[in-house]
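Heads up, the thing below is written out as structure tokens.
The values are calculated or read from the model by the stated rules, or taken from the named source; none is laboratory data. Model, not experiment: these values are computed from the prediction. So basically every Cβ, Gly included, is an ideal-geometry build from the backbone, and we count neighbours across all protein chains shown.
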Amino acid sequence: MDLLLSSIADAFRLLFSGDAEVWRIVAISFSVSTTAILAAVPPALAIAFVLAYASFPGRRLLISLFNTFLYIPAVVIGLTLFILLSRQGPLGDFRLLFTQTAMVMGQFLLALPILVCMLHTALQSGNRAAWETARTLGAGSLRAVVTVLHEIRFGLLAAIVTAYGRIISEVGASMMLGGNIAEYTRNIPTAIALETSRGAFAEGIALGSVLLLLAFLLNLLLQYAQGKGSIHP
């Protein structure tokens, strides 16, 4: 118990003293994950629209595939990209392994099926007449898409929050693709794994607290966006 309390005290001391190493790790995490989610949202929206509004052979198969991809462990995605990006792999000449770009690629692939499945569900459960009505009233394709997005705005935000929370907290793909290099690819989850293995619990608790605070703020944002204004028990 004394070890836990002293570790928690040391963790808050690290956070509020502005420890450069801790906040550098936090900055890398936010930079990589934000880039990945921004890259994943546009294609996910396009795929979800096609799956929701188009009719073509193999549509149900694609929906099933994306639902299946939800359950692929991060380490499997990391291993697949590791093979592709290694020197012997087909993408080895690009020298992307153990870089932040490789980490973005891994997190992109983790976020994409989450976004597609949640956005597809939102589009299916939303007002399907919004698209036809907008087009009937003479709106162009882009204006019609904006109209539909406004109809599912809460589902869109929920999908982004869920996917972002998933990728910023994953450790398997980031460890394999980034290599956990200090001041370059060491993010919050990989740093927690490293520091706790060394017995440096204060650093692990400090970084874990940042993730918990982020999760709380994201969910608070979602609650307010849905018009609740406050969290009710």
Only one of 113, 43 is in contact (Cβ under 8 Å) with a residue 60 or more places away in the chain, of a type outside the set (A, V, I, L, M, F, W, C) and under 30 Å from residue 25 (Cα atoms); which? 43
Residue by residue through segment 181-217, note down the ones that are basic (Lys, Arg) and assigned to a helix (DSSP H, G or I). none
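Condition check ((1) under 24 Å from the mean Cα position of the chain (by Cα); (2) closer than 17 Å to residue 109 by Cα) across all residues:
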position: 8; (1), (2): no, no
position: 11; (1), (2): no, no
position: 16; (1), (2): no, no
position: 29; (1), (2): yes, yes
position: 32; (1), (2): yes, yes
position: 42; (1), (2): yes, yes
position: 46; (1), (2): yes, yes
position: 51; (1), (2): yes, no
position: 57; (1), (2): no, no
Pairs only if they're at least six apart or on different chains, beta carbon under 6 angstrom, first in segment 203-215 and in contact (Cβ under 8 Å) with a residue 12 or more places away in the chain, second in a helix (DSSP H, G or I) and acidic (Asp, Glu); list them, first residue then second. 203/195; 204/195
Tally the residues that are within 19 Å of residue 78 (Cβ to Cβ) and surrounded by fewer than 19 Cβ atoms within 10 Å (Cβ to Cβ), restricting the search to segment 181-210. 5
Taking the conditions exactly as written (modelled with pLDDT under 95 and either surrounded by fewer than 13 Cβ atoms within 10 Å (Cβ to Cβ) or under 26 Å from residue 119 (Cα atoms) (or both)), does residue 66 satisfy them or not? no
